[in-house]
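Where a number appears in this text, it was derived from the coordinates with a stated rule and is not lab data. Just so it is clear, the structure is predicted and the values come from calculations on it, not from any experiment. Cβ placement follows ideal geometry from the backbone for every residue including glycine, while neighbour counts extend to all protein chains displayed.
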Amino acid sequence: MRKKICAGNWKMYKTPKEAGEFFDSILASLKSNVKGGEIVIFPPALVCESVAKYVNGSSVHWGLQNSYFESKGAFTGENSPDVAKAMGATYVLVGHSERRKIFSESDSLLAKKVAYVQSIGLTPMLCVGEDLSERETGRTNEVILGQLDEGLKSADRKKPFVIAYEPVWAIGTGKVATPEQAEEAHVALRERLGGLGESTRILYGGSVKPENAGELAAKKNIDGFLVGGASLEAKGFLQILSSLQ
Ligand code: PGA
């Protein structure tokens, strides 16, 4: 049985104070028995320390939205995954479409990140997804399976990793993939993982909201969500979490 994940990608939103307010509500509700799966929050790097203070030692996990593939060195502006681990992180998001598009991160760079993150005992969450023109020209599977193969090229497949399917046309647009479109992509990814397919968690991301989470969560191959906009507000995020029950 794959344990479901409800992950929140805060992007470049929230101050330390706002993060504290969010966790005040979330942690109180979790004590009163809200169930649904493992919670992972990806705060902006400058807010990680505050998040760690709130959630280390609780059932909530956190991780970096992006990291470098070395422990330390002359890499101005980068985040060390080793430092994040020492602070209590357990995940690193790798290859979010905003990193791929805005910051030109290539598959080969992402493969190094996945391998390094695994080597120090953190779990990479590798994002894959097609853009609108790729979908409209029937290239969805070619693109997402290619990103999967490349991203895991140097990975240790015996160590944990998580995949997030995030169609680029659904991210931040309010346009969510239908449950059928998402399920089809998840099945293709799972098949491509061969023997590991059955145990690998594959999340859906792209305009997930309390209103659409239930029908997506009902699909057999959707093991949870990577939520952007709707993860900024505690109440909505908890509703999405409960849909995974
Ligand atoms: P969204 O973002 O939920 O705001 O569409 C998802 C993501 O970027 O991971």
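Shown is the FRET efficiency for Met1 and Glu70, computed with R0 = 41 Å from the Cβ-Cβ distance and rounded to the nearest 0.05: 0.70. About its Cα centre, the chain has a charge dipole of approximately 640 debye under the convention of +1 per Lys or Arg Cβ and -1 per Asp or Glu Cβ, with nothing else charged.
Legend: ranking of residues His186, His96, His61 from fewest to most surrounding C-beta atoms inside 10 Å; resulting order His61, His186, His96. My understanding is that a pair violates if its Cα-Cα distance is over 25 Å; which of Lys3/Lys175; Lys175/Lys219; Lys153/Lys220; Lys14/Lys153; Lys11/Lys209 do that in this structure? Checking Cα-Cα distances, Lys3/Lys175; Lys153/Lys220; Lys14/Lys153 exceed 25 Å.
Only one residue of Met125, His96, Ala164 has its Cα farthest out toward the positive end of the dipole of region 91-173, where Lys and Arg carry +1 and Asp and Glu -1 on Cβ, and that residue is Met125. Subtracting the Cα-Cα distance of Ser104 and Lys35 from their residue separation scaled by 0.36 nm leaves 21.1 nm.
Think of each Lys and Arg Cβ as +1 and each Asp and Glu Cβ as -1; about the Cα centre, that makes the dipole of region 146-229 roughly 260 debye. In the chain, taking the dipole from charged Cβ atoms about the Cα centre, the farthest positive-side position among Pro81, Ala185, Ser207 is held by Pro81. Calculated FRET efficiency, Glu21 to Glu211, Cβ-Cβ distance, R0 = 30 Å: about 0.80 to the nearest 0.05. If the viscosity is 1.306 mPa s and the temperature 10 °C, what translational diffusion coefficient in µm²/s does Stokes-Einstein give for the chain when Rh comes from Kirkwood over Cα pairs? In µm²/s, the coefficient is 89.
Dipole of the chain computed with +1 at Lys/Arg Cβ and -1 at Asp/Glu Cβ about the Cα centre; of Val55, Ser154, Tyr68, farthest Cα towards the positive end is Val55.
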